[in-house]
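Novice: Could you have a look at this structure, given as structure tokens, before my questions?
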Amino acid sequence: MSDDRTVAQSFRGGQFEGADFSGKDLRGTDFTGANLRSADFTNAKIGVPARVGAALLGVAILVAVACGVTIGWAVSEMRTRLTADEWDQVAEGGSIGITILVLLGLIIWKGFDLALKVVAIVYLVLVAVNVIANLLADDFEWLVLVRGTALVVFLMLAIVAGMLGRIVGGVFGIWSVVLVAVLGGLATGQSNGGIAGVVVAVSLALISKRAVRGDQRDRTLRRIGHRLIRAWGTQFVDADLTGADFTGTDPIRCDARGATFDDVTWDPDYPVPVDAEVADAAS
């Protein structure tokens, strides 16, 4: 292992006890079932290869555009309906605003995990309000339910896209997602949509940063992001990492299901891998 770059190689089942991988580029490398006891991974690059990372970031950006457009449209619709003469229209506009505020408020204040548990209840209540309003008006529109569902789904997808951008591309990745989310909001042609895009985009940056750092309030979001990329990341599945040293290495972009983590040294500036958290919880 003399050179500094070891890209996408397969070392499945290899014997690397005490091996020196310090400073190496191990993105996409497969260590499945390998003996890596006391191996040195200090300052190594672990994660997805550059081309795969670029493709995943592109997916996150496309999702962010769609989310920005949807949220921008929703806010524009909210303003239009809140100023309408018919009270069912006002109720629908109010439900849009409540949905956005409740979701973002919960995620920022209490975290993604609690928001997932509450969102279904809130959504059902808002659907009931819209159903009652439209039935009383003798003009029930299924399109109202479709719009509400789309708004909830795209808001949650925006959070996941931000997380994916952060994991794959770091600061560059998340701000790329943030920028296109804002542009998506502006694409609605309404200043309100652009403002909404800014609010949601900044929220994405804050939430994804918190999740990547291992905040327990966003544990589910972090695990979702991890599961989206682990198939292309560095593989430590069923590997023996006893006594390995990861000082200076960010291990979030790897798949370490079933690995042994006894006495592993993690860098305090980075959260431990999701699979290590799961292993600790199970022990």
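A short reminder: the numbers here are calculations on the coordinates, not readings from a lab. None of the values given here were measured: they were computed from a predicted structure. Here the Cβ positions follow ideal geometry from the backbone for every residue, glycine too, while neighbour counts run over all protein chains shown.
Novice: Which of 117, 24 comes first, and how do the rest follow, when ranked by fewest Cβ neighbours within 10 Å?
Specialist: Working: 117 11, 24 23.
Exposure proxy ranking, most exposed first: 117, 24.
Novice: Within a 10 angstrom radius of the beta carbon, how do 227, 217 rank from fewest other beta carbons to most?
Specialist: Values: 227 11, 217 18.
Fewest-to-most ranking of 227, 217: 227, 217.
Novice: Sequence neighbours fewer than 8 away in the same chain don't count; with that in mind, list the lysines whose C-alpha is under 24 Å from residue 117.
Specialist: 209
Novice: Setting aside same-chain residues fewer than 8 positions from residue 45, which lysines have a Cα under 18 Å from its Cα?
Specialist: 24
Novice: Name the residues whose placed amide hydrogens come within less than 5 Å of the amide hydrogen of residue 239, ignoring near sequence neighbours (fewer than 5 apart) on the same chain.
Specialist: Hits under the 5 Å cutoff: 33, 34, 259, 260.
Novice: I need 77, 17 ordered by Cβ neighbour count within 10 Å, fewest first.
Specialist: Values: 77 20, 17 15.
Final ranking by Cβ density, sparse to dense: 17, 77.
Novice: While we're looking at this one, here's another question. Give me the extension gain from residue 50 to residue 125: residue separation times 0.36 nm, minus the current Cα-Cα distance, reported in nm with one decimal. Let's see the in-between values first.
Specialist: Working: separation 75, 0.36 × 75 = 27.00 nm, distance 4.44 nm.
Using 0.36 nm per residue and subtracting the Cα-Cα distance, I get 22.6 nm.
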